[in-house]
Every structure is written in structure tokens, then in C-alpha cells.
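The values are calculated or read from the model by the stated rules, or taken from the named source; none is laboratory data. None of these values were measured; they are calculated from a predicted model. Don't worry about glycine lacking a Cβ; one is built from the backbone with ideal geometry, like all the others, and counts go over all protein chains shown. Just the protein is used for accessible areas: all its heavy atoms, side chains included, with ligands, DNA and RNA removed. Shrake-Rupley method; radii C 1.70, N 1.55, O 1.52, S 1.80 Å.
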Amino acid sequence: MAAQGAVLGLESSCDETAAAVLAGDGTVLAEAVLSQEQEHARFGGVVPELAARAHLRHLPRLARAVMDRAGLAPGDLAAVAATSGPGLIGGLIVGASFGKGIAIARGVPFVAVNHLEAHALTVRLPGLIEGGAPEFPYLLLLVSGGHCQCVAVEEVGRYRRLGTTLDDAVGEAFDKVAKLLGLPWPGGPHLERLAARGDPARFALPRPLLGRPGCDFSFSGLKTAVAQLVARGAAADARGKADLAASFQAAVAEVLADRAAHALAMLPEARALVVAGGVAANAAVRAALAAQAEAAHGGRKVRLVAPPLRLCTDNAVMVAWAGIERLRLGLADPLDHAPRPRWPLDEMRGRGGAEAGRDAARPPGLRRR
Ligand code: KG4
Ligand code: ZN
């Protein structure tokens, strides 16, 4: 068994409870994801306190299950990596504390993983992407229920946020519009199915910030436009609902492609557009991004890179992998690292950071600030 340098990854920042064990070379030995969708559906969104309790209930069991499946005992672990932000503080505390407990018990390093960094580095998992992992720097378009941003991924630990949403995250916009159309939560996938039967040209919805300088996003005006149409009876019948869904989806896809094009112009060295997050599951969005990547960008070729769906949405494989990437640079974290509900990628410590240098000079594991 290729368990050399095995790292346990834990994810609990939102409403997925996940655990995974990877060998030090990135081979996935076992993984498990438990969605809490059922627990939150009747509230129409994630209830933070319920999420934290569910993580507490399920995470130890999932961690044990992946260790068993990988054929590993706790003593075989070389490190533990747990998502420590950004996200819902209750869940972050559960995952980080559980991870630190194992690290203390086994005397191995602990890595406090930034959830956004984990999404950003997923495509570097060995053997994952056909044609090879993209070279640095690449552009990350993160489109999920909680995040919508363009990030320049320059190296492990060095990121520049080029643009972000001024109001709703794009997945949130999908969910709110789906709700207006009477679909269950989370509405993105339901809306996509409904849109497949609709006419995307029926309603001329706004394209917020389209063509504007920079690569920020805004979705609340688009959502309001749909709400006003619904109030005027546009979604009274099945035809209207499907046409509204299709029109909304087309507007979002067009805006995302436009913002990605602007972001690519802001990062002229990038040769890859990497998309991640639940909304990357949407075929219309993917098609628009693929077309945008193919278009000429100052004569350079850009390829669209998307992790397989199970690694686009929240999972622990990406957390363990980000842990491995950081450990390779000597970037373990002290056990008093406090989970951070807000943790912008620009504030990451990288190889060159003063903090990184200070920590890297000490043996990994039981470091103290
Ligand atoms: O990345 P994710 O699983 O969780 C986080 O938010 O971190 O993303 C979930 C979001 C939800 O808003 C969901 O409605 C949206 O991604 N989503 C979709 C699709 N599948 C999931 N949105 C549009 N089309 C889809 N096929
Ligand atoms: Zn995520």
C-alpha cells in the first residue's frame, strides 16, 4: 500500500462533512463526503448551528471509515490537514479541533487549510487532469454557493484576488431564482434541468457589469429582475417558468464568460482558466467558459480546466492535497491556529512570507507562536 506520508484531510466549512486520506504522492487512498442537504432543505438554506452539530456527529465516523478503507491505523498518518476557514465558524471549529486532536495524539504536523486554496490547488493533484496540471500562474474562477471570485494562482501560498462579487455569490443567485420559480433548495441543479426545456431568448434579462473594467461580479440586480417578472405573472405556467430559468441561466453564463475574459486580460501570463465550485457543474456555464477560453486572448492559447465534478464541489481530497502541498514547503501550522470565518486568499502565508520563514525554521508539528 502506497501509504508513505499519508495525510488525513477534513472538510467541515459549510454543509458537506468530508474526510479523505491521501498518500504523500497525492494518491487518493479513500474518501467520503456526506451532504447535509436533507437537514437544511426544509429551511431553504444552510442553518449554521445545525451544520455544526451535524459535523460533530458525523466527522469522527467518516474519518474512521476512510482510514479503515485505506487500511491505515492512526499511527500511519504523517500529518492532518483540516479546513480552518473561510466558512461557518461552528463547523470550522469542529473540523479543526478534531484534526488538531489527532495531530496531538500522534505527534504529527497539523495544517490549517484555507478552503479557497484547496479549491485553487485541486487541479494539481497528480494524474487528475488530462494533458497535465496547468502551470503557474493560472486563473481560478471559483463559482459556488458561498463564493464567486477570480483569483490569480501564482504559486502555492501566493494568490491575488482579481475580482469578487459585490453582492450575492453566483450559486446563491441560482438558489434564490430557483426558489422564486418554486424549485426545492439547493436550486441550481433543478434550475438547470428546468432551463433545458426553456427558451433562453424569451426574457431580455440584465447582464450586470458586462463589459465593465475589472472582473467583479454582481447578481442581485439580475435576481430582482426575475423577481419582478415573477410578480407580473411570467412564471404562472410551466412554459413561463422554463423560459425564465433558461433566460436567467443564459444571462449568468454570459456574465461569467465576460468576467473571465477580463480576468484573463489582467493575467497575461496565464495559459489555463480553472473553474471550480458547485456552479461549475452547470453545462451552459461550462460551455460559455470553454468558448471564452478558446477565443483568442492576445494571441495566446488558454485551456479550460475543470476538475471532475466530485472534486469541484466541497470535498476532503482537496483539503488533504492542499495540506500535502504546504507540507512540501515546510508550511505546517501551530496548534493554536484559530479558525477564521473570513480568510481572504491574499492573506495566505506562502514560501516567501516572513511568517512562513519563521515557522519553517522550526520542526513541524508542535509549533507555538
Ligand atoms: O461548491 P458547492 O457544492 O458548495 C458551496 O457553496 O461551497 O456549491 C453549491 C452551489 C449551490 O448554490 C448550488 O445551487 C450550485 O452550487 N449548483 C449549481 C449546479 N449544481 C450546483 N448551480 C447551477 N447549476 C448546477 N448544475
Ligand atoms: Zn467550496
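Summary of computed values
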read-out	value
Pair list, Cβ < 7 Å and 6+ apart or interchain, from the range 233-244 residues that are closer than 16 Å to ARG193 by Cβ to residues that are in a helix (DSSP H, G or I)	ALA235/LYS241; ALA235/LEU244; LYS241/LEU194; ALA242/LEU194; ALA242/ALA195; LEU244/VAL226; LEU244/LEU229
The range 248-279 - residue that is buried (at least 23 other Cβ atoms within 10 Å of the Cβ) and over 18 Å from PHE217 (Cβ atoms) and, of those, nearest to ligand 2 (Cβ to nearest atom)	ALA272
Qualifying residue in the range 238-258 (condition: within 25 Å of ALA118 (Cα to Cα) and not in a helix (DSSP H, G or I))	no
Count of residues meeting criterion [in contact with a strand residue (DSSP E or B) (Cβ under 8 Å, 6 or more places away or on another chain) and more than 8 Å from ligand 1 (Cβ to nearest atom)] in the range 139-160	13
Test for GLY24: is it over 14 Å from ALA316 (Cα atoms), open to solvent by less than 50 Å² (accessible area, probe 1.4 Å) and touching a helix residue (DSSP H, G or I) at 6+ places or on another chain (Cβ under 9 Å)	yes
Which numbered condition VAL275 fails, given (1) assigned to a strand (DSSP E or B); (2) without any contact (Cβ under 8 Å) to a residue 60 or more places away in the chain	(2)
GLY187 touching a Lys or Arg at 6+ places or on another chain (Cβ under 9 Å), surrounded by 16 or more Cβ atoms within 10 Å (Cβ to Cβ) and small (Gly, Ala, Ser)	yes
Residue count, the range 280-291 (criterion: open to solvent by less than 40 Å² (accessible area, probe 1.4 Å) and free of Cβ contacts under 8 Å to residues at least 60 places away in the same chain)	2
Hits in the range 292-331 (condition: open to solvent by 10 Å² or more (accessible area, probe 1.4 Å) and within 14 Å of ligand 2 (Cβ to nearest atom))	LEU309, ARG310, THR313, ASP314
Subset of the range 129-146 [within 26 Å of GLU254 (Cα to Cα) and open to solvent by 10 Å² or more (accessible area, probe 1.4 Å)]	ILE129, PRO137, SER144, GLY145, GLY146
Candidate set from the range 94-117 (those that are assigned to a helix (DSSP H, G or I) and in contact with a Ser or Thr (Cβ under 9 Å, 6 or more places away or on another chain)); member that is farthest from ARG160 (Cα to Cα)	PHE98
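Matching residues to (1) within 13 Å of ligand 1 (Cβ to nearest atom); (2) assigned by TED's automatic domain parsing to the domain that holds ALA227; (3) open to solvent by 40 Å² or more (accessible area, probe 1.4 Å):
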| residue | (1), (2), (3) |
| --- | --- |
| GLY87 | yes, no, no |
| GLY90 | no, no, no |
| GLY99 | no, no, no |
| GLY127 | no, no, yes |
| LEU162 | no, yes, no |
| ALA173 | yes, yes, no |
| VAL177 | yes, yes, no |
| LEU180 | no, yes, yes |
